[in-house]
Amino acid sequence: MKETGNLIVDLTFDFSLKIVEFTSKLEEIRKFPLSNQLFKSGTSIGANVRESQSAESKNDFVHKLKISAKEAEETEYWLLLCKHSEHLPDPANLLEQINRIQKVLSSIISTAKKRL
C-alpha cells in the first residue's frame, strides 16, 4: 500500500490496485464487459479522491468526493453481481474494502459540508 499519511488517498489507491488484479481474473474467464465496467468505476474512486486534494475551493473538494462516492456505489453494485453469480470469482475482500471506503468518504463529505 502506498502510504501518503492521508487515509482516504491510501485506501483508494490500495483498492485500485486490487481492482486491477480482480479485473484481470475476470478477463481470464473472458468476462470483458463486466471487467471493463468494474475497472472504470473501481479505479475512478481513487482518481477523484486524488483530484479532490487539489480542489479549487471547498465546494469543489466536496463535489469531487461526491463523484468518488457515486463511483463507489457503482463499484459495489458490480462486486455484488460477482458475489451472487455462480460463475464469477468471489470479491469478498473487495466488498469489505469498498464498504470502508464508503464510510470514510461519507464522513469526510459530511464534515466538509459543515465547514462550508
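Each value in this text was obtained by applying a stated rule to the coordinates, not by laboratory testing. Note that the structure is a prediction, hence the values are computed from the model and not measured. Please note: Cβ atoms are built from the backbone with ideal geometry, for glycine as well, and neighbour counts cover all protein chains shown.
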Dipole magnitude of the stretch 68-113 about its Cα centre (Cβ charges: Lys, Arg +1; Asp, Glu -1), debye to nearest 20
300 debye
Ordered by fewest other Cβ atoms within 10 Å, a rough proxy for footprinting exposure, 32, 13 read 32, 13
Using only Cα atoms, tell me the angle between helix 7-28 and the longest principal axis of the chain; keep it within 0 to 90° and round to the nearest 10.
20 degrees
Placing +1 at every Lys and Arg Cβ and -1 at every Asp and Glu Cβ, with all other atoms neutral, what dipole size does the chain have around its Cα centre, in debye to the nearest 20?
460 debye
Treating cross-link reach as a plain straight distance, find the lysines whose alpha-carbon is under 21 Å from the alpha-carbon of residue 58, omitting any fewer than eight places away in the same chain.
66, 70, 103, 113, 114
What distance in nm separates the simple spin-label points at residue 53 and residue 40, each placed 7 Å from Cα in the Cβ direction?
2.6 nm
For the charge dipole of the chain, defined by +1 on Lys and Arg C-beta atoms and -1 on Asp and Glu C-beta atoms about the Cα centroid, which residue among 17, 55, 92 has the Cα displaced farthest towards the positive pole?
55
When you count, for each residue, the other Cβ atoms within 10 Å and take the mean per peptide, how do 20-28, 95-103 rank with the highest first?
95-103, 20-28
